[in-house]
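Here is the structure we will look at.
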Amino acid sequence: MCGGDVMPEAVTTVDQVAEAYVAAAAALDPAGATRQGIAGHESELTDFSPDGVAARAELARRSRRQVQTIRPGDDREQIAADVMVERLSADLDAHDAGEWCRDLNVLSSPLQQIRECFDLMPTANVEDWEALAARMVAVPASLAGLRATLGEGLAARTPVARRQALACAGQARSWGGATNGSLPYFTRLVEPYLVGAGGRPALAARLGSAARAANAAMADLGRWLAEEYAPRATERDGVGADRYRLLARGWNGTDLDLDETYSWGWEELRRIEDEMARVAQQILPGAGVAEVRELLETDPARAIEGEDNLRRWLQDLMDEALGDLDGTHFDIPAPLLRLEAMIAPPGGAAAQYYTGPSEDFSRPGRTWYPTQGRTRFPLWGEVSTAYHEGVPGHHLQVAMTQYLTDRLNRFQRTMAFTAGHGEGWALYAERLMGELGYLANPDYELGMLSAQAMRAARVVIDIGLHLELRIPTAETLAPGERWTPTSAVDLLRERVSQPHSFVTSEVDRYLGMPGQAISYKVGERVWLAGREAARKRRGSAFDLRTFHARALELGPMGLAALARHLEHC
């Protein structure tokens with residue numbers, strides 16, 4: 001494991017606190033450092049034990065206190081101070097409420113972080129493989145620390161829901177090779193070196209031994225989650241209004257009126273469905289949306305066969321977007337022009353995701369596509385998703401944040417990502433590409449609208465499930481009844497028309513990450529309102545390209561702050 005440097009007390013600027021915090025936080029969380037692109041800790045792994053969690057919380061508490069004692073010298077530093085205090089406070093509020101000992105979900109918890117940091121490690125030379133081997137040796141201890149922390153939650157009678165425990169058990173067993181037919185993750189990871197080890201048998205032996213131990217530890221954690229943790233976990237999936245408000249504030253950086261947001265989500269879903277019916281008529285006159293979807297899903301001319309062909313198609317699409325948008329609608333710095341399309345390792349959640357570049361851009365931004373065992377890929381829904389994950393979505397925003405070293409301090413660049421801001425921008429980017437003419441093919445426009453409908457459905461499902469609200473009586477699906485996981489799956493199947501495996505994974509995700517699923521539409525709402533406010537404020541002088549440049553230069557922040565600042569962009 002690793003330890004953190006003591007932060008110096010004598011600091012005079014917010015940027016100095018930010019720099020010291022990032023350095024110390026990276027030492028305490030090497031897996032997070034790799035994810036954030038911070039070099040220097042590749043051979044270490046995060047201590048997820050109660051002591052490790054406590055050390056990170058104490059660092060955050062001390063750093064927040066330091067920032068609050070500084071009087072910012074200008075508007076830029078004031079924004080930086082506000083962002084750092086808000087983000088650290090959100091983390092500490094969740095920690096103080098006991099969320100630290102039930103941090104387990106199917107998409108973004110320590111379990112996945114222990115594995116995913118290896119996906120981002122370079123393997124270009126012997127030194128890279130040496131670091132990977134050293135980090136892999138630490139996997140059993142890191143997993144043991146996580147197990148101890150989850151055990152604290154059991155002892156305190158604050159376990160995670162059984163659904164999350166069982167789903168994560170399945171992931172861990174798959175990665176560990178305990179599932180029939182699955183190649184252990186760590187074996188697959190080191191295979192390229194073992195096959196071509198050449199004259200370095202000692203390193204090959206070390207990699208092989210570390211992989212076997214890591215696989216065994218991962219599989220054993222899966223067994224423990226399924227056999228010992230899950231039977232003592234809570235059967236209740238929803239977290240209730242108080243926990244939901246707390247966690248939703250962490251994901252979105254604002255306090256939401258949940259009743260208003262729930263009602264608005266239904267309005268948005270119905271509005272988008274009306275738009276989908278209009279576009280469906282362009283594709284197949286006289287047909288309904290369901291019939292058009294069936295055509296788009298089954299027409300061989302509208303699909304790609306094979307993972308490799310899909311990855312190449314996605315790469316070409318993103319390269320084309322980068323080339324077209326640079327110098328016309330955005331000014332894209334040269335380091336951002338490198339973006340890689342990747343196929344995600346099997347065993348994880350069904351959602352696509354993006355990982356940002358390293359601080360020096362030696363590791364590029366990457367989009368990750370989980371194929372979930374499929375070999376045929378209809379394209380109608382993939383175009384807008386590629387824009388969401390790539391350009392002008394997450395890659396342009398996250399990588400631009402990393403690039404703006406003259407405007408944003410190190411905390412803002414590496415550790416201030418807020419889902420409402422980031423996912424809101426990425427969803428806004430999908431709509432923007434339609435406005436710019438890139439979804440002129442009605443197949444792709446319907447794909448964008450279908451993705452919008454899913455994000456609106458997330459709002460009503462996420463809030464409805466966790467607050468145990470009733471479905472409106474005007475709805476045809478379970479009218480007047482309280483939400484259940486079954487009705488959530490049924491609504492996604494009926495209104496979004498996604499495969500059963502995908503929607504069940506989605507519902508598991510919503511239940512494990514309260515308040516995150518709403519961040520897409522809630523965030524997009526703030527971006528659209530902010531753009532309209534800026535347009536009214538500037539009148540004929542408003543320029544969309546300038547608005548986007550100024551907005552991205554603000555860096556990541558909570559939605560409450562974003563709403564205040566966008567009007568002036």
Residue that is surrounded by the most Cβ atoms within 10 Å (Cβ to Cβ), among those in the stretch 21-37 that are more than 14 Å from A416 (Cα to Cα) and of a type outside the set (G, A, S): D29
If I filter the stretch 205-221 for residues that are surrounded by fewer than 17 Cβ atoms within 10 Å (Cβ to Cβ) and at pLDDT below 95, do I get at least one hit? yes
When you look at E116, is it of a type in the set (D, E, K, R), assigned to a helix (DSSP H, G or I) and under 25 Å from T234 (Cα atoms), yes or no? no
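The values are calculated or read from the model by the stated rules, or taken from the named source; none is laboratory data. Since the model is a prediction, treat every value here as computed from it, not as a measurement. No Cβ is skipped: glycine too gets one built from the backbone with ideal geometry, and neighbour counts run over all protein chains shown.
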